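Engineer: Quick one: this structure, given as structure tokens, is what I'll be asking you about.
The values are calculated or read from the model by the stated rules, or taken from the named source; none is laboratory data. Everything numeric in this text was worked out from a predicted model, so none of it was measured. Reconstructed Cβ throughout: ideal geometry from the backbone, glycine too, with neighbour counts over all protein chains shown.
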Amino acid sequence: MNILVVGRGGREHSVILHLEKSDRVEKIYAAPGNGGIEEHATCVSIDEMDIAGLVHFAKENKIDLTIVGPENPLNAGIADAFKKEGLAIFAPTKDAAILEGSKDFAKQFMLKHGIPTASYETFTEADKAKQYVEDQGAPIVIKADGLAEGKGVIVAGTKEMAFDAIDKLMVEEAFSGAGRKIVIEEFLKGREFSLIAFVHEHNVYPMIPARDHKRAFDNDEGPNTGGMGVFAPVPDITDEIVAYTTREVLQKAADGLMKDGRPFTGILYAGLMQTDTGTKVIEFNTRFGDPETQVVLPLLENDLVQVIVDVMAGKDPQLTWKDEACVGVVVASKGYPNVYDKGVLLPELESTDQTFVVQAGTKKTEKGLVSNGGRVLLVGGLGKDLESARKHAYERLRVYDNTDAFFYRTDIGVTKV
């Protein structure tokens with residue numbers, strides 16, 4: 001099979017690392033890819049949002065299957081365009097991808113279909129939003145309605161912080177049009193985790209749970225990011241919790257989308273909080289999570305290509321998992337998630353039997369591999385348990401201890417139950 005992977009980040013690099021293990025693969029292309037992906041696939045200089053260009057490339061190069069990583073092309077209708085041309089694509093249509101594309105739509109959808117989530121209100125006027133915060137108090141959660149690269153969520157510990165967040169999103173339009181409408185939610189207390197599933201219409205096949213660390217700094221301090229580290233499996237998320245979440249969240253979402261005339265094919269991601277009153281949804285994504293994918297896929301024993309082919313054909317892929325743990329730590333540019341420099345030379349870092357490197361914001365130049373984004377790469381460690389997996393990952397990260405250009409959290413994989 002000839003496979004095209006759309007995207008340029010760590011998630012896409014991780015997917016490609018596992019696709020290339022399949023005997024079914026003849027050639028892998030990435031559009032546009034990154035410095036690390038170049039080692040495993042043929043990168044083509046087509047932007048993720050150039051849907052017409054991607055369709056043309058897929059037809060000209062006889063692509064048998066396209067897999068889409070990032071959310072923006074999904075919400076722009078890339079799956080619809082490919083299907084119109086008779087091209088196989090593992091991705092949801094625009095009508096289904098709105099589950100991630102609009103926080104307001106997602107909340108209404110969850111209420112309609114009985115999916116547990118936090119109470120909320122939606123606002124298009126800053127003054128009314130601030131009055132709601134005044135009435136509800138803090139802590140409280142402010143979310144941009146539209147796509148904001150994983151950074152449009154502010155957990156406000158005080159009313160003043162909430163007011164600043166409202167101004168940032170609605171008045172200053174920090175994320176362009178994504179914050180013209182905002183959702184304000186109750187603050188949920190509990191243990192956060194992610195559950196991702198392969199989905200085709202009514203069929204739902206969950207992966208193992210993972211836990212992402214979103215705050216920039218140790219002890220869950222600092223601003224929210226796209227994710228600073230992650231681990232899987234999650235010891236305090238039991239098989240019973242996974243079964244409940246699959247039934248009451250993922251299956252209800254798939255069935256609800258079918259009922260609403262928005263059939264879903266692709267990856268459905270649920271960001272969740274395990275509260276004292278049960279599992280509740282924080283958000284849905286309609287694609288592989290980043291960085292969760294980077295630690296979940298290394299524990300998958302199946303041929304990833306065969307899994308996707310089976311799911312699209314309506315067959316149970318019979319997922320099996322290694323009896324191991326995986327910890328991934330993100331190396332980020334100093335200043336992320338705010339202003340940071342690009343073009344900084346990266347220390348050499350090779351994979352070993354117990355570790356791996358997934359590149360995200362990197363670029364190959366004449367002087368070597370340089371940084372080209374906020375989250376630069378992820379170093380993963382595998383082990384018989386979380387402690388050994390953490391040890392392997394952090395041993396490899398020591399090469400970054402003598403640089404002022406990058407930083408990473410030192411507490412990824414530490415469970416606090």
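Engineer: Restrict the check to the stretch 385-403 and report whether at least one residue is under 13 Å from Val331 (Cα atoms), free of Cβ contacts under 8 Å to residues at least 60 places away in the same chain and among the acidic types (Asp, Glu).
Structural biologist: Within the stretch 385-403, one or more residues are under 13 Å from Val331 (Cα atoms), free of Cβ contacts under 8 Å to residues at least 60 places away in the same chain and among the acidic types (Asp, Glu).
Engineer: Separate question: Are any residues in the stretch 251-272 of a type outside the set (D, E, K, R) and over 16 Å from the mean Cα position of the chain (by Cα), and if so, which ones?
Structural biologist: Once the filter is applied, which keeps residues that are of a type outside the set (D, E, K, R) and over 16 Å from the mean Cα position of the chain (by Cα), the stretch 251-272 yields Gln251, Ala253, Ala254, Gly256, Leu257, Met258, Gly261, Pro263, Phe264, Thr265.
Engineer: Can you pull out every residue in the stretch 367-383 that is among the hydrophobic types (A, V, I, L, M, F, W, C) and either over 12 Å from Val330 (Cα atoms) or in contact with a Lys or Arg (Cβ under 6 Å, 6 or more places away or on another chain) (or both)?
Structural biologist: Result: Leu369, Val370, Val379, Leu382.
Engineer: Sticking with this structure for a sec: Do the conditions hold for Lys83, that is, is it among the charged types (D, E, K, R), assigned to a helix (DSSP H, G or I) and assigned by TED's automatic domain parsing to the domain that holds Asn61?
Structural biologist: Yes.
Engineer: Residues to consider are Val141, Val183; find the one that is within 30 Å of Ala76 (Cα to Cα), at pLDDT 95 or above, among the aliphatic types (A, V, I, L, M) and surrounded by fewer than 21 Cβ atoms within 10 Å (Cβ to Cβ).
Structural biologist: Val141
Engineer: Can you name the number of the only condition in (1) touching a Ser or Thr at 6+ places or on another chain (Cβ under 7 Å); (2) more than 16 Å from Val295 (Cα to Cα) that Val399 fails?
Structural biologist: Unmet condition: (1).
Engineer: I want to confirm something. Restricting to the stretch 294-338 and keeping residues that are of a type in the set (Gly, Ala, Ser) and assigned to a strand (DSSP E or B), which single residue is nearest to the chain's Cα centre (by Cα)?
Structural biologist: Gly328
Engineer: Here's a follow-up. Inspect all residues belonging to the stretch 237-259 and state whether any of them is touching a strand residue (DSSP E or B) at 6+ places or on another chain (Cβ under 8 Å), crowded, with 20+ Cβ neighbours inside 10 Å and acidic (Asp, Glu).
Structural biologist: No, that holds for no residue.
Engineer: To continue, here is another question. So, Ala129, is that one surrounded by 21 or more Cβ atoms within 10 Å (Cβ to Cβ), in contact with a helix residue (DSSP H, G or I) (Cβ under 7 Å, 6 or more places away or on another chain) and not in a helix (DSSP H, G or I) or not?
Structural biologist: The answer is no for Ala129.
Engineer: Can you find a residue that is in contact (Cβ under 8 Å) with a residue 24 or more places away in the chain, surrounded by 14 or more Cβ atoms within 10 Å (Cβ to Cβ), over 28 Å from Pro32 (Cβ atoms) and among the aliphatic types (A, V, I, L, M) anywhere in the stretch 351-373?
Structural biologist: No: zero hits.
Engineer: Under 9 Å between Cβ atoms, which residue pairs at least 6 apart in sequence (or on different chains) link something in the stretch 20-41 that is under 13 Å from Ile3 (Cβ atoms) with a partner that is of a type in the set (S, T, N, Q) and in a helix (DSSP H, G or I)?
Structural biologist: Short answer, once both residue conditions are applied: Ser22/Gln306; Arg24/Gln306.
Engineer: If you check Glu173, Glu149, Glu85, which single one turns out to be surrounded by fewer than 21 Cβ atoms within 10 Å (Cβ to Cβ), at pLDDT below 95 and closer than 30 Å to Asp64 by Cα?
Structural biologist: Only one candidate qualifies: Glu149.
Per-residue answers, yes or no, for (1) in contact (Cβ under 8 Å) with a residue 60 or more places away in the chain; (2) of a type in the set (Val, Ile, Thr):
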site	(1), (2)
Glu71	yes, no
Leu74	yes, no
Lys83	no, no
Asp127	no, no
Val155	yes, yes
Ala162	no, no
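Engineer: Check whether at least one residue in the stretch 282-290 is outside the structural domain of Ser14 (by TED's automatic domain parsing), farther than 29 Å from Glu186 by Cβ, of a type outside the set (S, T, N, Q) and buried (at least 20 other Cβ atoms within 10 Å of the Cβ), and report yes or no.
Structural biologist: No; the residues of the stretch 282-290 include none that is outside the structural domain of Ser14 (by TED's automatic domain parsing), farther than 29 Å from Glu186 by Cβ, of a type outside the set (S, T, N, Q) and buried (at least 20 other Cβ atoms within 10 Å of the Cβ).
Engineer: Return yes or no: is Lys103 closer than 26 Å to Thr225 by Cβ, surrounded by 20 or more Cβ atoms within 10 Å (Cβ to Cβ) and modelled with pLDDT of 95 or more?
Structural biologist: Yes; evaluated as a whole, the condition is true for this residue.
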